[in-house]
């Protein structure tokens, strides 16, 4: 007799994965999945007989795992497809290779849940392969990725609901990066209490851990471009990838070839004047500068970069490192449906994954 | 062989129900439910052999229905429980009696989807009866009611996701009434461009159809109190009902016993001074007046009424008749998760119902 329980594999036990474990452990018994595989970097723990691993002990078991060779994604897909019930793989990495294995998992009837943006914002070919694997594998094989945009905020689910119920999304616009949000809310606050030059704000954010170890990984705008690619594709635009539309990098051209993050930070003050000029120009128009992503569905265009926004508007009044996503649709008219809040961090990202997992289990059981 | 198709009954073909029909008709074939019952006021159309009624023809069929006696809810529950597949009843009325029949539907394995607030904001006994009917009827019997708060905005789903993933909701606060939102955004806008006394704004809103036919049905605050009751119960507070906590009515005491809406509107200008005074006091503190609902989870208290809010804050900067709901939680910290947008209107309310229906069908099929 096939069990009713859902079998779970988690790849990656870093920031998100580590927060996921206690959330999964706390699920009520009737929907709690059986964790049968966990991996981190080059070690893994497999429950060969599909008996559940305690989520709270996963990290410890991994640390003491004697076998240092992980299952290949192909072997993992086979292992999960042979589980005595429906299986779900959660990819908590940002790994391109694992993202490329989603069609394989799906084709074997294994559902995929992930905060990893790569599969949805990479090549259009991979996106299409995922969609066709999904179609062929039937309605009991799912792929959910709420946390790829805005972490735990209801962004992907909202856009899917709008479309599925027949609304016409005309534009999606917002602040999609917690780091960019923090930098510009500090650099050009609405109440004119700004302190410090652009480079010093970037430096402080780096010290506080609000940027990637190399701030250029935020300043190049690619994280925002990836998120806009995902949203654009969900509304039906055939976007070739995050490098197929205009993305304004905040890395000065002259510093693109600089070797280390430290050298970059040392030289960044030389370019403070141009950012200051942009800010002053915005102020003259009663506006503030923000880093905005825009998916113009009607025009079929995606755009990411600096924008002067009205002081009274929702984007200007963002606080801290919050994200804000405005959905303009035919039904909602001139006032968009807006979702706002923390869009990064291990705990809220894990929350989006857990919420996806609960929905998947409810459909699979 | 039991069919895989889901069978659908729709009670009420007014504002919401009428918009629901084209949305259901446009669902993709693989999830489109078979409409087998529609009713409006005292007429109904039943498909005795469970063959589907065309949603686009429902209104016309109803108008020409020869039988003017509707099935009782009890007979409808029996009829649906005998369908050759899982059945869902959608209650698009605001009827108390139909709300009281939800436990019966659930006990017969019929799922319930509704924008009708009555069942969730009425007596605690009915709420508890629904919860226990749900438990006893097993996991393939569902009750969804996204549109009871904020129409199609993701409010109920968000609060459920927060709780289900283990977050601790500490406070829910916001503007829950489109009418109240419009009145106060016009009466006390952030940019001090207000025109007209309170009573003239109410009168204009009434003329434009932004209020109930009798504006007192908005001004008494009960609609907001009902929504706060629902949210409070979802976060675990045992609220006895919308009259069990402080609700500030904007109907002056002296006008409570006035007979007609017209007489009320004629006498309302006599009370403009007190509203004006409140507004001026708020302005002196750099604030604006808004009608706010507040569920303080930690203190176990619910409160609905006038509040002076900061001009820079999200509640003050609302536009038109938008709703705004702030979820304060342990994970999201000092900056809440915010959902904002139109919270009333047939089309967006129907959208919330249709989105619920899709989710139910995905689980039931």
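The values are calculated or read from the model by the stated rules, or taken from the named source; none is laboratory data. Bear in mind the structure is a predicted one, so any value in this text is a computation, not a measurement. A quick note on method: Cβ atoms are made from the backbone with ideal geometry, for glycine too, and the neighbour counts reach across all protein chains shown.
Residues being at pLDDT 80 or above, surrounded by 13 or more Cβ atoms within 10 Å (Cβ to Cβ) and over 28 Å from the mean Cα position of the chain (by Cα): count how many of those fall in the range A:189-205. Spell out the reasoning first.
In the first step, residues of the range A:189-205 are kept if they are at pLDDT 80 or above; the result is A:189-191, A:196-205.
Pick out the ones that are also surrounded by 13 or more Cβ atoms within 10 Å (Cβ to Cβ) and you get A:189-190, A:196-205.
With the extra rule that they be over 28 Å from the mean Cα position of the chain (by Cα), the set shrinks to A:196-197.
Matching residues across the range A:189-205 total 2.
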Among (1) within 12 Å of chain B (Cβ to nearest Cβ); (2) surrounded by fewer than 18 Cβ atoms within 10 Å (Cβ to Cβ); (3) touching a helix residue (DSSP H, G or I) at 6+ places or on another chain (Cβ under 6 Å), where does residue A:212 come up short? (1)
Counting only residues that are within 14 Å of chain A (Cβ to nearest Cβ) and either without any contact (Cβ under 8 Å) to a residue 12 or more places away in the chain or more than 30 Å from residue B:343 (Cβ to Cβ) (or both), the range B:1-31 contains a total of 6
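Which fully enclosed strands (runs of 3 or more DSSP E) of the range A:1-98 have 1 or more residues being more than 29 Å from residue A:227 (Cβ to Cβ) and in contact with a strand residue (DSSP E or B) (Cβ under 8 Å, 6 or more places away or on another chain)?
Hits in the range A:1-98: A:7-11, A:34-40, A:43-46.
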Boolean, residue B:190 is within 14 Å of chain A (Cβ to nearest Cβ), within 24 Å of residue B:244 (Cβ to Cβ) and in contact (Cβ under 8 Å) with a residue 40 or more places away in the chain: no
What are the residues in the range B:34-49 that are farther than 17 Å from residue B:95 by Cα, in contact with a helix residue (DSSP H, G or I) (Cβ under 9 Å, 6 or more places away or on another chain) and buried (at least 18 other Cβ atoms within 10 Å of the Cβ), if any? B:35, B:36, B:37, B:45, B:46
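Hand me the list of helices (runs of 4 or more DSSP H) wholly inside the range A:113-169 holding 3 or more residues that are touching a residue at least 60 places away in the same chain (Cβ under 8 Å) and surrounded by fewer than 24 Cβ atoms within 10 Å (Cβ to Cβ). Break it down stepwise before answering.
Numbers: elements: A:118-121, A:124-136, A:156-164.
Once the helices (runs of 4 or more DSSP H) in the range A:113-169 are filtered for at least 3 residues that are touching a residue at least 60 places away in the same chain (Cβ under 8 Å) and surrounded by fewer than 24 Cβ atoms within 10 Å (Cβ to Cβ), what remains is A:156-164.
Sort out for me the helices (runs of 4 or more DSSP H) sitting completely within the range B:251-365 that have 3 or more residues that are within 14 Å of chain A (Cβ to nearest Cβ), touching a strand residue (DSSP E or B) at 6+ places or on another chain (Cβ under 9 Å) and modelled with pLDDT of 95 or more.
Numbers: elements: B:261-267, B:272-284, B:346-364.
Filter on the range B:251-365 gives B:346-364.
Could you tell me whether the range B:59-70 includes any residue that is over 22 Å from residue B:363 (Cα atoms), more than 14 Å from chain A (Cβ to nearest Cβ), in contact with a helix residue (DSSP H, G or I) (Cβ under 9 Å, 6 or more places away or on another chain) and surrounded by fewer than 17 Cβ atoms within 10 Å (Cβ to Cβ)?
Initially, the range B:59-70 is screened for residues over 22 Å from residue B:363 (Cα atoms), giving B:59-70.
Now drop any that are not more than 14 Å from chain A (Cβ to nearest Cβ), which leaves B:59-70.
With in contact with a helix residue (DSSP H, G or I) (Cβ under 9 Å, 6 or more places away or on another chain) added as a condition, the list becomes B:59, B:70.
Pick out the ones that are also surrounded by fewer than 17 Cβ atoms within 10 Å (Cβ to Cβ) and you get B:59.
Yes, the conditions are met somewhere in the range B:59-70.
Looking at this structure, is residue B:243 within 18 Å of the chain's Cα centre (by Cα) and surrounded by fewer than 18 Cβ atoms within 10 Å (Cβ to Cβ)? It would help to see each step written out before you state the result.
On the way: within 18 Å of the chain's Cα centre (by Cα): yes; surrounded by fewer than 18 Cβ atoms within 10 Å (Cβ to Cβ): yes.
It is true that residue B:243 is within 18 Å of the chain's Cα centre (by Cα) and surrounded by fewer than 18 Cβ atoms within 10 Å (Cβ to Cβ).
Among B:236, B:209, which is the only one that is touching a residue at least 40 places away in the same chain (Cβ under 8 Å), in a loop (DSSP other than H, G, I, E, B) and at positive phi? If you could, list the steps in order and put the result at the bottom.
Values: B:209 fails: touching a residue at least 40 places away in the same chain (Cβ under 8 Å).
From the options B:236, B:209, the qualifying one is B:236.
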